[in-house]
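First up is the structure itself, then whatever we jot down about it.
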Amino acid sequence: MIFESHAHYDDEAFDADREALLGSFAENGIGYVVNVAASLDSVKTTQALMKRWDFVYGALGVHPSETGELNEENFAWLRAQLKTPKTVAV
């Protein structure tokens, strides 16, 4: 079984075939995926993948290049999101 430890399947590059791609993982031996959020928006899209697919887990956070969007309110929101089931890393 393959465990993909760092993915960005919420990226727009996968918009056209995300469902088909993720739907093919089991038959191709991919058992687990950690999708890594890089911005506040991608925290939301990663959470959506975590909810949709049993085998997708999340690393929730903000990449250093995206820290300009952080303020006290956004930090509080992000902190609350870390309690989302299937969050495995920050």
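Taking only region 54-80 into account, find how many residues are free of Cβ contacts under 8 Å to residues at least 40 places away in the same chain and surrounded by 19 or more Cβ atoms within 10 Å (Cβ to Cβ).
5
Taking region 12-47, which residues are open to solvent by less than 70 Å² (accessible area, probe 1.4 Å), under 24 Å from Ala80 (Cα atoms) and not hydroxyl-bearing (Ser, Thr, Tyr)?
Passing the criteria: Val33, Val34, Asn35, Val36, Ala37, Ala38, Leu40, Val43, Gln47.
Return the residues of region 1-30 that are of a type in the set (A, V, I, L, M) and under 16 Å from Thr46 (Cα atoms); say none if nothing qualifies. Talk me through it step by step, then tell me what you get.
Going residue by residue through region 1-30, those that are of a type in the set (A, V, I, L, M) are 1-2, 7, 13, 16, 20-22, 26, 30.
Of everything in region 1-30, those that are of a type in the set (A, V, I, L, M) and under 16 Å from Thr46 (Cα atoms) turn out to be Ala7, Ala13, Leu21, Leu22.
The values are calculated or read from the model by the stated rules, or taken from the named source; none is laboratory data. All values reported here derive from a predicted model rather than from experimental measurement. We place every Cβ from the backbone using ideal geometry, glycine too, and count neighbours over all the protein chains shown. Accessible surface areas use protein heavy atoms only, side chains included; no ligands, DNA or RNA. Shrake-Rupley method; radii C 1.70, N 1.55, O 1.52, S 1.80 Å.
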